[in-house]
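What follows is a short report on a single structure.
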Amino acid sequence: MNSTVLVVEDDPHLASGIVENLRAENYDVYTVGDGRAALDWLQNKQCGLVVLDVMLPQVDGYTVCRTLRERGDNTPVLFLTARGDPQDRVYGLEAGGDDYLAKPFHLQEFLLRVRAILRRREWYQSV
């Protein structure tokens, strides 16, 4: 199983907390602070999951996700964003997201969603 997670978050304090908690769960974690850097990183590397904010500098999270899908990249995307209105959630899922969690979030729920997405990906790849 690819337990590498890319965290795309422009708030360095929040990114640091997410990275710390994912590493405590034994995930290999990388982080970038804007959408353009995320697309560049994903062009050259693979990961098991992208944790993606929506409101990012350079390229917004919805566009990052749509671009990945247009490239044929099916890496799971978990949107983690302050934009929690139902229409925002729908827009994120329509953009190709696999899950959507609004900030503020409960840490244990976030970690369980990460584990579930990676478990499903491993199962689908084994079929």
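The values are calculated or read from the model by the stated rules, or taken from the named source; none is laboratory data. This one's a predicted model, so the numbers in the text were calculated from it and none came from an experiment. Please note: Cβ atoms are built from the backbone with ideal geometry, for glycine as well, and neighbour counts cover all protein chains shown. Heads up: the accessible areas ignore ligands, DNA and RNA and are worked out on the full protein's heavy atoms, side chains in. Shrake-Rupley method; radii C 1.70, N 1.55, O 1.52, S 1.80 Å.
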Accessible area of segment 5-78 divided out per residue, in Å², using a probe of 1.4 angstrom: 47 Å²
Here, GluC sites (Glu not before Pro) of segment 1-39 satisfying both criteria (DSSP loop; at most 13 other Cβ within 10 Å) are Glu25
Where is the GNM fluctuation largest for the chain (alpha-carbon springs, 10 angstrom cutoff): Gly35, Gly17, Gly96? Gly17
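Roll a 1.4 angstrom probe over the protein heavy atoms and tell me the percent of accessible area of the chain that is carbon or sulfur.
On the way: 3210 of 6770 Å².
After summing per-atom areas, the C and S share lands at 47 percent.
Please work out the FRET efficiency for the pair Glu109 and Asn74, using the Cβ-Cβ distance as r and a Förster radius of 25 Å; give the result to the nearest 0.05. Don't jump to the answer; show the numbers that get you there.
On the way: r = 24 Å, r/R0 = 0.96.
About 0.55, to the nearest 0.05.
Can you list the equivalent-ellipsoid semi-axes of segment 72-117, largest first and in whole Å, using the square root of 5 times each Cα gyration tensor eigenvalue?
Details: eigenvalues 57, 49, 8 Å².
Largest first, segment 72-117 gives 17, 16, 6 Å.
Using the Kirkwood formula on the Cα atoms of segment 10-93, what hydrodynamic radius do you get, in angstrom to one decimal?
Numbers: mean 1/r = 0.0753 Å⁻¹.
The answer is 13.3 Å.
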State the extension gain, in nm to one decimal, for the chain segment bounded by Arg66 and Ala82, taking 0.36 nm per residue of separation less the distance between their alpha-carbons. 3.8 nm
